[in-house]
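No value in this document is a laboratory result; all are computed from the given coordinates. For clarity, every value in this text was computed on a predicted model and none was experimentally measured. Because the Cβ atoms are built from the backbone with ideal geometry, glycine has one as well, and the counts that use them run over all protein chains shown.
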Amino acid sequence: MDTAILGLSLMSAILKGPYLQCPTTSSVTVMWETVEEERGEVVWFETQSIHAGLSGSARTVESTKRCVTEDGAKRIHRLEITGLQPDLEYHYEVQGQRHPLFAAPAPQRPFCFCVTSETGGYGDDDINQRLFAEMAHWRPDMLLVVGDAVSDGRKYEDWERFFFGPGRQLLHSTPFYLCPGNHEENADWFYRFTAFPHPGNYYGFDFGNVHFTALDSTRLVDYIDGQPQATAELKDDSGQRSFLRQDLAAAAAADWRIAFFHYPPYVSCDFEVPEMRSLVPDMEAGGVDLVFNSHTIVYERSHPLRGGRFQQDGILYVVAGGAGAKPEWFRPKRAGHTAQSRAVPHFVHVTVAGTTLEARAVDVDGRVFDMWVLRK
Ligand SMILES: [Fe+2]
């Protein structure tokens with residue numbers, strides 16, 4: 001067994017992470033997995049950047065050092081850091097590993113995030129490594145993962161192979177939000193490796209001046225004999241539909257509302273899931289500006305749509321099929337709702353500054369192949 005000495009404790013090796021979950025303007029949850037069950041501990045402190053050659057460095061503000069320790073021994077660790085301020089720079093330490101740490105931005109501060117998905121084995125062997133490395137160059141404040149992060153969510157090994165392994169460096173300091181895809185299989189590991197609010201497979205959160213709503217489309221549509229079919233949960237009075245309406249209504253103060261879920265209601269490709277258009281009236285009434293989807297392993301941006309038709313102030317639907325590319329899935333011609341599309345491994349980088357939202361689709365080599373701006 002690999003071991004490391006931390007203080008007086010004999011700690012086992014870290015398997016996953018440490019990684020960050022659910023940042024607010026004053027708190028962040030730190031998670032990691034160890035070989036053995038043990039009591040986890042996180043130390044955190046404010047730091048000040050100092051000039052130290054090309055790489056830079058950070059000076060610890062000793063008087064701000066804090067520590068939190070788990071009550072009991074476990075393998076998958078989850079500890080919340082509190083008392084942060086949004087504009088200060090922090091670091092945290094787990095077993096002596098030190099990583100930068102930031103609270104979520106306050107509403108008035110511009111921020112950026114990346115969107116990807118489909119890391120579950122559709123590209124070349126090294127595609128996920130390259131994708132995470134390229135995203136890191138763009139220095140996102142957080143990451144949306146629109147499902148199918150793994151090949152089979154029931155397989156413990158998949159979570160390391162397809163997601164936590166290739167994403168290790170970026171995820172040390174970049175919180176991620178995952179919504180379930182069909183390949184997550186609603187498996188227990190999804191809930192154990194994340195810390196999203198109850199029930200965990202759908203949830204809302206604020207980040208800067210944006211309210212984000214994650215939905216579990218795999219509970220809303222089932223594949224039966226290869227064909228998508230609406231489930232009872234897609235009905236108007238289901239718990240998830242009620243959540244969507246209430247979550248959007250409660251987000252009235254946010255400048256922007258972004259929903260993300262796996263099955264795409266609009267894409268001119270195989271694996272479009274038109275059943276998901278049942279959500280459109282709720283999203284339009286709730287003021288959603290932008291929707292991110294996946295499942296179809298391409299990039300496609302819709303024109304702004306209301307009720308499925310082009311309308312200048314409508315919702316933009318963006319399929320960010322991420323870490324794979326299936327050009328043969330495109331239909332021969334674009335659909336009326338299609339603005340731009342391309343089948344290359346990619347991610348989307350979004351910058352939000354007040355009432356301007358600027359987005360770029362970036363391929364795995366860093367080339368920008370689509371750009372669009374929304375203004376309020
Ligand atoms: Fe999928």
Dipole magnitude of the chain, debye to nearest 20 (Cβ charges: Lys/Arg +1, Asp/Glu -1, about Cα centre): 960 debye
Contour minus Cα-Cα distance for Tyr191 and Ala230 (0.36 nm per residue): 11.6 nm
Degrees, to the nearest 10: 239-250 long Cα axis against longest axis of the chain: 80 degrees
0 to 90° range, to nearest 10: angle between helix 127-137 axis and the chain longest Cα axis: 70 degrees
Percentage relative contact order, the range 3-101, counting C-alpha pairs under 8 Å, at least six apart: 30 percent
³J(HN,Hα), Karplus 6.51/-1.76/1.60, whole Hz, each residue of the range 67-82, x for Gly, Pro: 9, 9, 10, 5, 6, x, 7, 7, 9, 9, 9, 8, 10, 9, 9, 10
Placed amide H near Ile14: partners under 5 Å, 5+ positions off or other chain: none
Gaussian network model of the chain, Cα within-10 Å springs - most flexible of Gly17, Gly147, Gly336: Gly336
Given charges at Cβ of Lys, Arg, Asp, Glu: the chain dipole, positive-most of Val364, Ile315, Val280: Ile315
Percent RCO, i.e. relative contact order, over the chain, from Cα pairs under 8 Å lying at least 6 residues apart: 14 percent
Simple label model, 7 Å out from Cα along Cβ direction - Tyr223 to Gln97, nm: 3.3 nm
222 nm mean residue ellipticity, helices alone, for the chain (DSSP H n ≥ 4; -39,500 (n - 2.57); rounded to 500): -2500 deg cm²/dmol
Virtual spin-label span in nm between Arg66 and Arg139, 7 Å along Cα→Cβ: 2.6 nm
Alpha-carbon Rg with Dmax, taken over the range 81-126, Å: 16.0, 43
Cross-link reach list, lysines versus Lys65, counting only Cα pairs under 25 Å and skipping chain neighbours closer than eight places: Lys16, Lys74
Interchain or long-range residues, amide H under 5 Å from Glu89's placed H: Thr47
Sequence-distant aspartates and glutamates (8 or more away, or on other chains) whose Cα lies within less than 14 Å of Lys155: Glu184, Glu185, Asp188
The range 111-375: radius of gyration and largest Cα-Cα distance (Dmax), Å: 16.7, 46
Qualifying aspartates and glutamates (Cα of each under 19 Å from Cα of Lys326; at least 8 residues distant if same chain): Glu118, Asp124, Asp125, Asp126, Asp148, Asp270, Glu272, Glu300, Asp363, Asp365, Asp370
